[in-house]
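Notes follow the structure.
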Amino acid sequence: MATAVTTRESSSFWASVREALRGSHQDYTTGSLTRAIFLLAVPMVLEMLMESLFAIVDVFWVARLGAESVATVGLVEAMLTIMYAVGMGLGLSATAMVARRVGEKDREGAAVAGVQAISLGLLAGLTMGVPCFYFAPHLLRLMGASPAVLAVGASYARIALGGCCVVLLLILNNAVFRGAGDAAIAMRVLWLSNSINLVLDPCLIFGLGPFPRLGVTGAALATLTGRSIGVVYQIYRLYRGGEHIRIFARQVRIHAEVIARLLRVSLTGIAQMLIPHIAWISLMRIVSVFGSTALAGYAIGIRIIVFFILPAWGLSGAAATLVGQNLGAGQPERAEHSVWKTGVYNALVMGGVGAFFIVFSGPVVRLFTHDPEIVSIGAACLCIVSIGNIGYAYEMVMMQAFNGAGDTLTPTIVNFFGFIVLEIPLAYALAIPLGMRSNGVYWAITISESAIAVAMVLLFRRGRWKEKMI
C-alpha cells in the first residue's frame, strides 16, 4: 500500500514538472496554492538558472585572459546594471498590469499593456544605447579603470553598453510572459539565448575553429548575438500566442492612457531598481581603490553569488504573478497567503546555499582562478555575503509581492534608506577609514540587505498593497 502511494505521488510530481515545462493552462486564481507556486516557479527557476550559468561561464572563460579582462567585465557589468534597472523597472509595471488584466479575464487588455511596455522599452534602449556606444571608453575611465584595463576593454564596453536595447527588450518581453502566467515561454527564451552565448563564448574569445580570436571583446559579441536571437524568438511567440497571452497585429498601436499608467508605476519601479544598482556601482568604485586584483576577486565572488541568487529570484517571481492575478480576481487574502508560502520555500533554498558557501568558499572560487590573492578575496566575499542569505530570500519575495500588486513606491523608499543611506556610507567607512578593505564592503552588503528584509516584511504585514489599483 505504502509503495503504491509513493509511486502515485512520484508520478504526480513528474507530471507536474512536465506540465510546468510545457506551459500550463492552470488558472492561478483557483485551486491549490502550492501547485500554483510550483507550476510558476519551476520554469522561472530554470530560466534564472540559465541566466546565472551564463554569468558564471562568461567570467570562467574571461578569467583565463588575466586580471585586466576580469576587471573590465566587472566594471562594465556595474554600468550595465543601470540599464538593467530601467528594463526591470519597466518590467515590474508590465508584469503587474498584464497579471492584473489576466486575473480580470481581460485578455485584450493584457495584450495592449504588453505592447505599450515593449514600445517604452524600445525607446529607452535606443536613447541609452547610442550615446553609450560612442562614450564607452570615457565611462570606463570614470569608473576608475587603469590604462591597462582601458586598452583591453574599450571594444568590450562599446558592444556591451551599445547593445543595451536588446537587453531591455529581452527583459520586458519576458516580464509580459511571466505576468500572463506563461513562465515556460520566458524560460525557453533565456535557454535559447544563453545556450547560443555559451557556445560562442570560447569560440570568439580564443578563436576556436573558423572564429577570430577577439579576447574579452568576443565575450561581449557572443552575448549580444545570443540575446538578439532570443528577442526574435520572443516576438515570434508573442504573435503565435502562449497559454495565456497573444498579441494580434491590430493591437500594435500606441494607447496613451495605458502608457501613462505604465509610466506612473515604472518611474518608481526604475528608481527602485536603480537605487541598488547605483549602490553596486559605488561599491565597485570603493573596491577599485585596492587595485585590479581586488576587483577581480570581487567580480568572481559576486558572479558566483548571482549564480545562486538568480534562481531564487525566479522562485520569488511566482509571488508577483500570483499577487497580481489574485488581486485582479478580487482575492487579496489568497494573494497574501501565496507570498508567505513562497517566502518559506525561498528561505529554505537560500539558507542551504548560504551554508554551503560558508563552508566551501575557497574551493568554489578556485574553480575559476588559481591566483592566491584573487582566491582569498573572492572566498571572503562568498563567506561574508552568504551570512545574510535567509534575509535576501525574504527580501526578494516581499519586493516581488509589492511589485506584483503595482505598489512600486514602498520598495523604492525602503531601497533608498537601505542602500543609499546605510550601505554605501557603511561600506566606505568599513573599507577605508576602518581599514577592512574589500571585506568591509562585504559586511556592509550583509548588514544592509538584512535590514531591508526586516523592513519589507513589516511593511508587507500592514496590507496596504492590497488596495493598489493599476
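FYI, it's all coordinate maths here, none of it is from the lab. Keep in mind that what you see is a predicted model, and the values were worked out from it rather than measured. Here the Cβ is made from the backbone with ideal geometry for all residues, glycine too, and neighbour counts use every protein chain on show.
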Extension gain, VAL130 back to ARG253 (0.36 nm per residue minus Cα-Cα distance, nm): 41.8 nm
What length, rounded to one decimal in nm, is gained on full extension from TYR239 through to LYS105, with 0.36 nm per residue of separation minus their alpha-carbon distance? 46.3 nm
Cβ under 14 Å from GLU423's Cβ, GLU423 left aside: what net charge do those residues give with Lys, Arg +1 and Asp, Glu -1? -1
Any number yet on Rg/Rh for the chain, C-alpha, Kirkwood? 0.96
What does the charge dipole of the chain about its Cα centre add up to, to the nearest 20 debye, if the Cβ of each Lys and Arg holds +1 and the Cβ of each Asp and Glu holds -1? 740 debye
Where in the chain are the DSSP H helices whose alpha-carbon span along the long axis reaches 27 Å or more and whose Kyte-Doolittle mean is at least -0.5? 2-22, 33-62, 67-103, 107-142, 183-206, 216-240, 256-288, 292-328, 332-366, 438-462
Would you please name the trypsin sites (Lys or Arg not before Pro) within the range 129-212 that are DSSP coil residues with at most 12 other C-beta atoms within 10 Å of their C-beta? none
Find the centroid of the Cα atoms in the range 265-284 and in the range 44-87, then give the distance between the two in whole Å. 18 Å
Applied in sequence order to the range 405-421, the curve 6.51 cos²θ - 1.76 cosθ + 1.60 (Karplus, θ = phi - 60°) yields integer Hz couplings, x standing for Gly and Pro, of 7, x, 8, 8, 6, 4, x, 5, 5, 4, 4, 4, 6, x, 9, 6, 7
Can you divide the C-alpha Rg of the range 8-72 by 2.2 N^0.38 Å and report the result to two decimal places? 1.71
Mean ellipticity per residue at 222 nm, deg cm²/dmol - from DSSP H runs of n ≥ 4 across the chain, formula -39500 (n - 2.57): -28500 deg cm²/dmol
If you build the Cα gyration tensor of the range 209-359 and take the root of 5 times each eigenvalue, what three semi-axes come out, in whole angstrom, biggest first? 34, 27, 18
Measuring from centroid to centroid over Cα atoms, what is the spacing of the range 96-158 and the range 321-376 in Å? 25 Å
Under a Cβ-Cβ cut-off of 12 Å, what is the net charge of the residues other than THR369 that fall near it, where Lys and Arg count +1 and Asp and Glu count -1? +1
Spin-label pair THR30/ARG462, simplified geometry with 7 Å Cα→Cβ offset, distance in nm: 3.6 nm
Lys/Arg Cβ at +1, Asp/Glu Cβ at -1, dipole of the range 31-467 taken about the Cα centre: which of THR217, ILE309, VAL232 is farthest positive-ward? VAL232
